[in-house]
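The values are calculated or read from the model by the stated rules, or taken from the named source; none is laboratory data. Note that the structure is predicted; figures quoted are calculated from it, not measured. Cβ coordinates were reconstructed from backbone atoms using ideal geometry, including for glycine residues, and neighbour counts include every protein chain displayed.
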């Protein structure tokens, strides 16, 4: 990244150690090189004063070539969020799903909007707004669906690169005339594959090693794709090792449709497997109603699941079973699934994942141990939002935590405090608006984190970095 | 209210016409007298220029004695929210319920905090923060539980009056030593009643006609109250006509406890009826698991229900059935139920009411018409937040809509807009932060409202008035 300097971050660092446990590093230092990689994590550094010449010498850094960022007391660094399923093209539709469910929602709200983004000025407006909005909500990595349009999809990739968001950008493949409207579909399987290759080629030009932006193969969902286009995408996957994203088992009507359209496949999941698309690099969104056999198949293939609780509740799709998936060795992350999901925030998705897991528990007899087990904790919800999501998009060795060798995708979190007079304000005179989180001063760190998860919003995300680059800073 | 002048509000006014329908008045004027009452609603007033002498003369107002407030294009006035169930004393605990359910949550989190508020400095801090936080989230009326402490309860009433929030303030009655801890309970039924009278007396002194603040009789819940204290409260109710608030049928363990403690009553609801507490002025919080017979009894007595979706999900209490209650002619409003409910916002409660109703639908077969019917619309969720809540607290003739003779409890809402370049900003140069709502300019009014409900927060609540008095204004 041109112009980037070595950086040292000082303060409290909170991240997922395991699913069950958060790690709190206080008075710590994380040193980030000019390539955005974490070169050292040290616990013995209470303030900038400790960064003396001797300590820097161990890193081989001169003091003059280092920028030092100190978190204020009460603030903490947290890994950036990963949104493992989001339709950038549907961003303007958030919240306006009405009483619809999946299939009528696609026809009424989705296809007309997506189609309109072949107007590149409109696409620029929508994609810029979506990237900025998700960045300031702490999303450092997003797996995006664009539209069928190559130029607009390429524009989304350009914008991610210039605004600095790590992204997987997928041109949407949909060529089945029985399902896709005439005004919005690839005219043939071959056209669908050709356009996909054009979009891949574009990303190769702008980010040759896919350091920040990567293409992703994106069969919309089985009903929208002819068998030959799915097989063609599988062939591209085998040749390029590019990741794949699609939808599975979101809604009962959709499942019936798939069963009718693919009678030779034993399940919705099997449709993808039968066409070569169920791989360790495949992200399956939703998976609300998958059977025991489908879960086994997904685990066997090493495919991943993006849990989208906001969308699943909004469209009355159902209640996905995260604990049940984990019990079956499936990797799970979170997706906003905008625009069916109403919120741009993965923090909101984490909150809803915890709440939805309680609705799942309500359906299980209290005496059954699964009742209690199915509830997700704060720690588990945050794991899904960071390390879980990182694993879903295949970046578990690069992002999601603060470990040496990983890249600095992070957010600085600050919470509001209440004065003795009962007046809420930003902690430590940072100015601005502390949002709806009010700390009274007696909270444990675990309670602070819980308050952030349940009442926090983008106002608490003070700064955001991707690969060492500062990409958002609240005024 | 000393110093208050006549006021004219100009712009777009949105409010519930019926449960199913919002009313949109564009280019309208609402005229509010010095007593905070709406004296005229007129549709023919596009701007301040129209307020000429002739028009004012009809009101009997001089131009010099009128303040004119003009909503900017895109902004709209909306009735203030009613929070019909909230524990002011538990405000510091929002979000930190962990994996607990009702009864252990009370012991672990609630009683220690409530007890500590006998320290009046701490009570002032907590209550001030709670009132301010709910006001800036648009709550113009709140039905508060305080603690058992008379002085601290009186302080809450004082603060509501000085900060200008319409409120029902309840000293909590709990005298059953089998359920209430020794460190936090009224020592006898008589002590509980005496203290209740002291708290009532205080409000009579500070607001003799209960214009803004009213006492409310508050037996915590049946298990915490001896039969004689419940009968004593019923007697006070009959003598004073003061409203009553309590909890009913929130959680299965609690229901079993009530059945064991009150074997002579036919149901949890019947316990209150048997002790004279089930009246047209009774607010029953939760009512998650009430039976058909209980619903009939509640409807017969004309008691009201406060639906608390955030809390019910957080504590895994269950899924209350709003449509089912409406079908049985029960009046329903919304409660945040802080601190079990994690959010200070009734807008969040409305959003969760809509989402939770979809979880209810998921449990009903798709072919059953009740599946579709049980889902609440945006319009219905907003009705619950305003007119529904107003009826729950017995103020349906005074607040909840913009009608002549009602009082001006209102909020000015402004949403963010996205520029052509994709940059989000506040509409019409109002400055500040438009929050997470992004309008692209092509939305219908219905879609704008949906976006507000699903992504809005206190940043969209620009100003708040109670009884004509401006009580909050965002910088």
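Do we find that residue B:50 is touching a strand residue (DSSP E or B) at 6+ places or on another chain (Cβ under 9 Å) and at pLDDT below 90 in this structure?
Answer is yes for this residue.
Within the range B:18-27, track down each residue that is surrounded by 14 or more Cβ atoms within 10 Å (Cβ to Cβ) and at pLDDT 95 or above. Lay out the reasoning, then the answer.
Initially, the range B:18-27 is screened for residues surrounded by 14 or more Cβ atoms within 10 Å (Cβ to Cβ), giving B:19, B:22, B:24-25, B:27.
Answer for the range B:18-27, where residues must be surrounded by 14 or more Cβ atoms within 10 Å (Cβ to Cβ) and at pLDDT 95 or above: B:19, B:22, B:24, B:25.
For the range A:267-278, does any single residue satisfy the condition of being exposed (fewer than 15 other Cβ atoms within 10 Å of the Cβ) and out of contact with any strand residue (DSSP E or B) (no Cβ under 7 Å at 6 or more places or on another chain)?
No, every residue in the range A:267-278 fails to be exposed (fewer than 15 other Cβ atoms within 10 Å of the Cβ) and out of contact with any strand residue (DSSP E or B) (no Cβ under 7 Å at 6 or more places or on another chain).
For residues that are in contact (Cβ under 8 Å) with a residue 60 or more places away in the chain and away from chain A (no Cβ under 11 Å), scanning just the range B:95-111, find the one that is farthest from the chain's Cα centre (by Cα).
Among them, the one singled out is B:107.
Restricting the range A:314-327 to residues that are surrounded by fewer than 22 Cβ atoms within 10 Å (Cβ to Cβ) and more than 8 Å from chain B (Cβ to nearest Cβ), which is nearest to residue A:87 (Cα to Cα)?
Out of the qualifying residues, it is A:325.
If I filter the range A:249-258 for residues that are under 30 Å from residue B:350 (Cα atoms), in contact with a helix residue (DSSP H, G or I) (Cβ under 6 Å, 6 or more places away or on another chain) and more than 14 Å from chain B (Cβ to nearest Cβ), do I get at least one hit?
yes
Which condition does residue B:92 not pass, out of (1) within 23 Å of residue B:465 (Cβ to Cβ); (2) under 25 Å from the mean Cα position of the chain (by Cα), if it passes all the others?
The failed condition is (1).
Going by what's in this entry, would residue B:101 be described as modelled with pLDDT of 95 or more and surrounded by 21 or more Cβ atoms within 10 Å (Cβ to Cβ)?
On the way: modelled with pLDDT of 95 or more: no; surrounded by 21 or more Cβ atoms within 10 Å (Cβ to Cβ): yes.
For residue B:101, the condition - modelled with pLDDT of 95 or more and surrounded by 21 or more Cβ atoms within 10 Å (Cβ to Cβ) - is not met.
What is the one condition in (1) modelled with pLDDT under 90; (2) within 14 Å of chain A (Cβ to nearest Cβ) that residue B:58 does not satisfy?
Condition (2) is where residue B:58 drops out.
State whether the residues of the range A:400-418 include one that is at the interface with chain B (Cβ under 8 Å from one of its Cβ atoms), over 17 Å from the mean Cα position of the chain (by Cα) and either buried (at least 20 other Cβ atoms within 10 Å of the Cβ) or without any contact (Cβ under 8 Å) to a residue 60 or more places away in the chain (or both).
Within the range A:400-418, one or more residues are at the interface with chain B (Cβ under 8 Å from one of its Cβ atoms), over 17 Å from the mean Cα position of the chain (by Cα) and either buried (at least 20 other Cβ atoms within 10 Å of the Cβ) or without any contact (Cβ under 8 Å) to a residue 60 or more places away in the chain (or both).
For the subset of the range B:346-398 comprising residues that are buried (at least 23 other Cβ atoms within 10 Å of the Cβ), over 18 Å from residue B:21 (Cβ atoms) and touching a strand residue (DSSP E or B) at 6+ places or on another chain (Cβ under 8 Å), which member is nearest to the other protein chains (Cβ to nearest Cβ)?
B:347
Applying the selection to the range A:328-343, what residues are within 12 Å of chain B (Cβ to nearest Cβ) and either over 22 Å from residue B:313 (Cα atoms) or in contact with a strand residue (DSSP E or B) (Cβ under 6 Å, 6 or more places away or on another chain) (or both)? Walk me through how you get there before you give the answer.
Taking the range A:328-343 first, the residues within 12 Å of chain B (Cβ to nearest Cβ) are A:336, A:338-343.
Hits for the range A:328-343 are A:336, A:338, A:339.
Got a number for residues in the range B:153-171 being closer than 30 Å to residue B:187 by Cβ and either surrounded by fewer than 24 Cβ atoms within 10 Å (Cβ to Cβ) or within 14 Å of chain A (Cβ to nearest Cβ) (or both)? Explain how you work it out, then say what you get.
Here is the first cut: in the range B:153-171, the residues closer than 30 Å to residue B:187 by Cβ are B:153-161, B:167-171.
From the residues that got through so far, the ones that are either surrounded by fewer than 24 Cβ atoms within 10 Å (Cβ to Cβ) or within 14 Å of chain A (Cβ to nearest Cβ) (or both) too are B:154-156, B:158-161.
Number satisfying all stated conditions: 7.
Which residues, taken from the range A:118-152, are free of Cβ contacts under 8 Å to residues at least 24 places away in the same chain and either surrounded by 24 or more Cβ atoms within 10 Å (Cβ to Cβ) or farther than 15 Å from residue A:184 by Cβ (or both)?
The answer is A:121, A:125.
So is residue A:439 facing chain B (nearest Cβ under 9 Å) and surrounded by 19 or more Cβ atoms within 10 Å (Cβ to Cβ) or not?
Here the answer is yes, as residue A:439 does meet what is asked.
Hey, which of the helices (runs of 4 or more DSSP H) in the range B:97-176, taking only ones fully inside, have at least 3 residues that are out of contact with any helix residue (DSSP H, G or I) (no Cβ under 7 Å at 6 or more places or on another chain)? First the steps, then the outcome.
Details: elements: B:102-105, B:111-116, B:120-136, B:150-163.
Output list reads B:111-116, B:120-136.
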